[in-house]
1. Quick one: which of Ser185, Ser128 is more than 22 Å from Leu80 (Cβ to Cβ), among the hydroxyl-bearing types (Ser, Thr, Tyr) and assigned to a helix (DSSP H, G or I)?
2. So, in the range 138-196, how many residues would count as being among the β-branched types (Val, Ile, Thr), under 16 Å from Arg206 (Cβ atoms) and touching a helix residue (DSSP H, G or I) at 6+ places or on another chain (Cβ under 7 Å)?
3. Among (1) out of contact with any Phe, Trp or Tyr (no Cβ under 7 Å at 6 or more places or on another chain); (2) crowded, with 17+ Cβ neighbours inside 10 Å; (3) not in a helix (DSSP H, G or I), where does Gly145 come up short?
4. Cβ-Cβ below 6 Å, separation at least six or inter-chain, first residue in the range 109-125 and assigned to a loop (DSSP other than H, G, I, E, B), second surrounded by fewer than 13 Cβ atoms within 10 Å (Cβ to Cβ): which pairs?
5. Just wondering, is there one or more residues in the range 76-88 that are surrounded by 16 or more Cβ atoms within 10 Å (Cβ to Cβ), among the aromatic types (Phe, Trp, Tyr), on the phi > 0 side of the Ramachandran plot and within 16 Å of ligand 3 (Cβ to nearest atom)?
6. Hey, can you tell me all the residues within the range 22-46 that are within 16 Å of ligand 2 (Cβ to nearest atom) and either part of a helix (DSSP H, G or I) or acidic (Asp, Glu) (or both)?
7. Identify the residue in the range 189-235 that is of a type in the set (Lys, Arg) and not in a loop (DSSP other than H, G, I, E, B) and, among all such residues, is farthest from Ala44 (Cα to Cα).
8. Tell me whether the range 29-39 contains one or more residues that are touching a Phe, Trp or Tyr at 6+ places or on another chain (Cβ under 7 Å), without any contact (Cβ under 8 Å) to a residue 60 or more places away in the chain, surrounded by 14 or more Cβ atoms within 10 Å (Cβ to Cβ) and of a type outside the set (A, V, I, L, M).
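Read-outs: derived from the displayed coordinates by stated rules, not from any lab. Keep in mind it's a predicted model, so treat the numbers as computed, not measured. Here the Cβ positions follow ideal geometry from the backbone for every residue, glycine too, while neighbour counts run over all protein chains shown.
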Amino acid sequence: MLKIKNLHASVEGKEILKGINLEINAGEVHAIMGPNGSGKSTLASVIAGKEEYEQTEGEIILENEEISELEADERAHKGLFLSFQYPVEIPGVSVTNFMKTAINETRKAQGLEDMPAKDMLKKIREKSELLEIDRKFLSRSLNEGFSGGEKKRNEIFQMAMLEPKLSILDETDSGLDIDALRIVSNGVNKLKTKDNAVIVITHYQRLLDYIIPDYVHVLLNGKIVKSGGKELAHKLEEHGYDWIKEEVKVES
Ligand code: ADP
Ligand code: MG
Ligand code: MG
């Protein structure tokens with residue numbers, strides 16, 4: 001589904017990603033872990049095509065198509081979803097109406113007509129029931145006064161509605177109280193199929209008690225220095241990152 005080859009990227013002229021190789025197949029959940037500042041969010045942003053990040057080398061191949069030259073919205077239309085892609089508050093636009101627009105824009109980009117209102121309502125009902133999202137929430141103004149948990153609920157709802165091929169969830173800093181943790185992990189587990197894939201980025205092992213990854217990768221100073229199964233996350237929880245830093249030093 002996704003193949004990343006020798007990816008280098010810079011922000012404001014400073015090289016942050018220094019040769020990332022990563023391969024993700026349909027049906028897989030990959031966790032990317034690493035200490036603060038190692039480049040996790042940069043990797044997510046570069047894959048998603050955010051403008052501030054300059055890809056200087058390498059390839060990003062989504063389903064056999066090199067997407068490095070595509071704009072962020074074009075990548076989204078091809079089935080790439082990045083959490084916090086729409087973090088803006090939009091007073092007066094409800095969660096539902098925003099979603100309808102996003103879906104129809106995606107369809108338009110794919111050469112399809114607007115989704116008939118009846119189908120849209122049905123889909124909203126199905127997805128909100130699956131994720132146990134109540135009606136009141138759906139009529140709230142987008143992100144206005146949302147708690148951390150509500151922001152997560154909105155993101156997961158967007159993911160459910162858009163049905164991306166590949167979702168990248170960058171679980172940064174604060175947002176992850178126990179409520180948010182449950183919303184994200186339940187959502188991911190319910191939305192996972194054999195046809196889609198998820199990258200979960202976190203430096204908390206705790207999230208991975210709820211979302212069981214197939215593979216764990218450790219990002220250190222802009223490089224993936226170690227990959228393994230879910231046991232690697234447990235080892236990191238127990239021993240931190242220092243032992244990996246030592247290993248890397250010895251090898252280099
Ligand atoms: P992580 O998500 O692993 O904590 P980041 O990708 O956020 O790491 O950051 C990696 C490095 O890139 C840090 O040194 C950070 O200061 C820098 N960086 C990331 N984004 C920007 C940006 N928009 N402007 C300037 N520097 C940035
Ligand atoms: Mg950071
Ligand atoms: Mg980050």
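1. Working: Ser185 fails: more than 22 Å from Leu80 (Cβ to Cβ).
Exactly one residue qualifies, and that residue is Ser128.
2. We begin by selecting, within the range 138-196, every residue among the β-branched types (Val, Ile, Thr); these are 156, 168, 172, 178, 183-184, 188, 193.
Remaining after also requiring under 16 Å from Arg206 (Cβ atoms): 172, 178, 183-184, 188.
When the remaining residues are screened for being touching a helix residue (DSSP H, G or I) at 6+ places or on another chain (Cβ under 7 Å), the result is 172, 183-184.
Selection size over the range 138-196: 3.
3. For Gly145, the failing item is (2).
4. Listed pairs, sorted by first residue: none to list.
5. Checked against the condition, which is being surrounded by 16 or more Cβ atoms within 10 Å (Cβ to Cβ), among the aromatic types (Phe, Trp, Tyr), on the phi > 0 side of the Ramachandran plot and within 16 Å of ligand 3 (Cβ to nearest atom), the range 76-88 yields at least one hit.
6. Matches in the range 22-46: Lys40, Ser41, Thr42, Leu43, Ala44, Ser45, Val46.
7. Residues of the range 189-235 that are of a type in the set (Lys, Arg), as a first pass: 190, 192, 194, 206, 223, 226, 230, 235.
Within this subset, residues satisfying the condition of being not in a loop (DSSP other than H, G, I, E, B) are 190, 206, 223, 226, 230, 235.
Details: Lys190: 22, Arg206: 20, Lys223: 13, Lys226: 18, Lys230: 20, Lys235: 24 Å.
Per the stated criteria, the residue is Lys235.
8. There is no residue in the range 29-39 that is touching a Phe, Trp or Tyr at 6+ places or on another chain (Cβ under 7 Å), without any contact (Cβ under 8 Å) to a residue 60 or more places away in the chain, surrounded by 14 or more Cβ atoms within 10 Å (Cβ to Cβ) and of a type outside the set (A, V, I, L, M).
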